[in-house]
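Engineer: Pasting a structure here, questions to come.
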Amino acid sequence: MLSLDRSDARAASSSLLIRPAVGDAVAGDGSGEDDEAFVVQLASRAFRFYGTYDAFVRDWLHDSRVTTWIAEDSGARAGFFMVTIYPDPERETVQVADLVAIAVEPDRQSGGIGQKLLTAALSVSEQRGAVEMWLVVAEGNARAQRFFARNGFRLGPGVGVYPGGQTARRMLRPLRVDPTTPRPSGIGKSSKEVG
Ligand SMILES: CC(C)(COP(=O)(O)OP(=O)(O)OC[C@H]1O[C@@H](n2cnc3c(N)ncnc32)[C@H](O)[C@@H]1OP(=O)(O)O)[C@@H](O)C(=O)NCCC(=O)NCCS
């Protein structure tokens, strides 16, 4: 079996850029169409096992409370994440970050792009004052669970069933928050999640 190292061709290059999706939450000017097409087609492949999510993903892309970030490796789109921040329903004064989706192009996985995306998602959420990050992962998605566990997430309770029939499990981890960070208001909402 081949072992990969950081020099592997698939490894995230030093020119990896993580940027907000163009046109995110901005309707009408057409500038975000390429990013939208990329996110929708990658999500549809990455999450097809769990059901059909095209409509949800499009809704999230146009929801101003959900921010979408794209990983571009040497100018080519290679992955994305979507995050939204909202008050914890059980602790109204506490903001939580909900990582609604994260995915890397299958032929670019295991090269560190997912790690860079997740690090960026954590950082964006901390900057916005969230004290915890939540996500939902399929019970059988062992690889993703390992990836998140390595990043400090612990498994929480079952939170429902995917359209594809798999049990959905919550994973969560605390965030480091600068107490001087002003809390944004009115952003984010709880939403259906994938993966
Ligand atoms: C989960 C996911 C986002 C991770 O992305 P990724 O780019 O593969 O993540 P990384 O490369 O940072 O790390 C993944 C693995 O590669 C290894 N790795 C990373 N960079 C490496 C490198 N340069 N050389 C060797 N191994 C490396 C990591 O140790 C890790 O090992 P694992 O297979 O035991 O988990 C990706 O697998 C994915 O898109 N999955 C489908 C969608 C999904 O399940 N999303 C999560 C639920 S929303």
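Engineer: How high is the relative contact order of segment 17-174, in percent, counting Cα pairs under 8 Å that sit 6 or more residues apart? Mind dumping the intermediate values first?
Structural biologist: On the way: 276 pairs, mean separation 29.3, N = 158.
Taking the mean separation of contacting Cα pairs over the length of segment 17-174, I get 19 percent.
Engineer: Given points 7 Å out from each Cα along the Cα-Cβ axis, report the Ser123 to Asp59 separation in nanometres with one decimal.
Structural biologist: 3.2 nm
Engineer: Right, next: Quick one: Karplus J couplings for segment 111-121, per residue in order, coefficients 6.51, -1.76, 1.60, θ = phi - 60°, nearest Hz, x for Gly and Pro?
Structural biologist: x, x, 5, x, 4, 5, 4, 5, 4, 5, 4
Engineer: Could you please rank Ser44, Ser74, placing first whichever residue has the fewest other Cβ atoms within 10 Å of its Cβ?
Structural biologist: Numbers: Ser44 14, Ser74 11.
Fewest-to-most ranking of Ser44, Ser74: Ser74, Ser44.
Engineer: Average the reciprocal distances over every distinct pair of alpha-carbons in segment 17-174, invert the result, and give the Kirkwood radius in Å.
Structural biologist: Working: mean 1/r = 0.0626 Å⁻¹.
With all distinct Cα pairs of segment 17-174 included, I get 16.0 Å.
Engineer: Treat the count of other C-beta atoms within 10 Å as a stand-in for reagent exposure and order Val104, Val159 from fewest to most. Please report the intermediate quantities before stating the final value.
Structural biologist: Numbers: Val104 24, Val159 12.
Sorted ascending by nearby Cβ count, the order is Val159, Val104.
Engineer: Calculate, axis by axis, the spread of Cα positions in segment 44-107 along the three principal axes, and write the results as whole Å, longest axis first.
Structural biologist: 41, 29, 19
Engineer: Output wanted: per-residue J couplings in Hz (rounded whole) for segment 163-172, from phi through Karplus 6.51 cos²θ - 1.76 cosθ + 1.60, θ = phi - 60°, x for Gly and Pro.
Structural biologist: x, x, x, 6, 5, 9, 10, 6, 10, 8
Engineer: Restricting things to Cα coordinates, could you compute the convex hull volume per residue of segment 102-154 in Å³?
Structural biologist: Numbers: hull volume 4.4 nm³, N = 53.
Expressed per residue, the convex hull around the Cα atoms of segment 102-154 is 82 Å³.
No lab work stands behind these numbers, since they all come straight from the coordinates. Every value quoted in this text rests on a predicted model; they were computed, and no experiment measured them. In this analysis, Cβ positions are derived from the backbone assuming ideal geometry, glycine residues included, and neighbour counts consider all displayed protein chains.
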